[in-house]
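To start, the structure under review is shown below, and the notes come after it.
The values are calculated or read from the model by the stated rules, or taken from the named source; none is laboratory data. Keep in mind the model is a prediction, meaning the values are calculated, not measured. Cβ coordinates were reconstructed from backbone atoms using ideal geometry, including for glycine residues, and neighbour counts include every protein chain displayed.
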Amino acid sequence: MKKGKLLNSEISYVVSKMGHTDSLTICDCGLPIPDGVQRIDLAVTKGLPEFIPVLKTVLEELSIEKIILAEEIKNNPELNKSIIDIFKKVEEKENKKISVEYIPHEEFKEKTHYSRAVIRTGEYKSFANIILVSGVTF
């Protein structure tokens with residue numbers, strides 16, 4: 001049995017296939033997922049699973065150099081701060097800088113077309129979406 005925190009086989013597979021600058025999206029239950037992009041649907045019901053625990057678990061396995069958020073997430077300052085705080089801790093732990101880019105939500109949705117996969121959570125908070133851009137481990 002897998003020993004790490006990330007137990008979902010589909011997510012593990014996608015992460016293992018990612019190279020430098022590939023992207024992975026984690027989203028709330030309302031974000032449209034483009035045809036042709038792998039959908040990893042974790043949503044069970046409103047709020048399950050929540051966005052933040054899924055994000056933290058994926059970060060245990062995936063090296064990140066950049067995150068992309070919708071500008072509109074700033075309308076939810078608590079969620080925005082939670083995400084930024086998570087990445088500050090990752091920066092400290094891994095001794096590297098992770099860039100943060102805010103773009104309009106419509107542009108964000110377009111960028112999901114280029115993700116290796118979209119992980120759909122049951123999160124029910126507006127704009128609880130992030131694109132993780134893969135870094136390198138060396």
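Criterion applied to L69, L79, L62 was being in a helix (DSSP H, G or I) and surrounded by 18 or more Cβ atoms within 10 Å (Cβ to Cβ), and the one residue passing it is L79. L24 meets each of the listed conditions (1) out of contact with any strand residue (DSSP E or B) (no Cβ under 7 Å at 6 or more places or on another chain); (2) aliphatic (A, V, I, L, M); (3) buried (at least 17 other Cβ atoms within 10 Å of the Cβ); (4) within 24 Å of T137 (Cβ to Cβ) apart from (1).
Does E106 fit the bill of being under 18 Å from T25 (Cβ atoms) and not hydroxyl-bearing (S, T, Y)? Criteria met by E106. Would you confirm whether or not the range 13-26 contains a residue that is at pLDDT 95 or above, over 20 Å from R120 (Cβ atoms) and not hydroxyl-bearing (S, T, Y)? Yes: the range 13-26 contains one or more residues that are at pLDDT 95 or above, over 20 Å from R120 (Cβ atoms) and not hydroxyl-bearing (S, T, Y).
Selection within the range 96-106: residues that are touching a Lys or Arg at 6+ places or on another chain (Cβ under 8 Å) and surrounded by fewer than 17 Cβ atoms within 10 Å (Cβ to Cβ). The member of this set that is nearest to T21 (Cα to Cα) is S99. Screening K109 on (1) of a type in the set (K, R); (2) assigned to a helix (DSSP H, G or I); (3) exposed (fewer than 13 other Cβ atoms within 10 Å of the Cβ) shows it passes everything except condition (3). Filtered by the rule that a residue be of a type in the set (A, V, I, L, M), part of a strand (DSSP E or B) and more than 11 Å from V54 (Cα to Cα), the range 1-32 gives a lone residue, L24.
Residue check: is K93 free of Cβ contacts under 8 Å to residues at least 40 places away in the same chain and farther than 18 Å from D28 by Cβ? Full working, then the answer.
Working: free of Cβ contacts under 8 Å to residues at least 40 places away in the same chain: yes; farther than 18 Å from D28 by Cβ: yes.
Yes.
For the residues K88, K93, the requirement of being surrounded by fewer than 15 Cβ atoms within 10 Å (Cβ to Cβ), at pLDDT below 95 and assigned to a helix (DSSP H, G or I) singles out K93.
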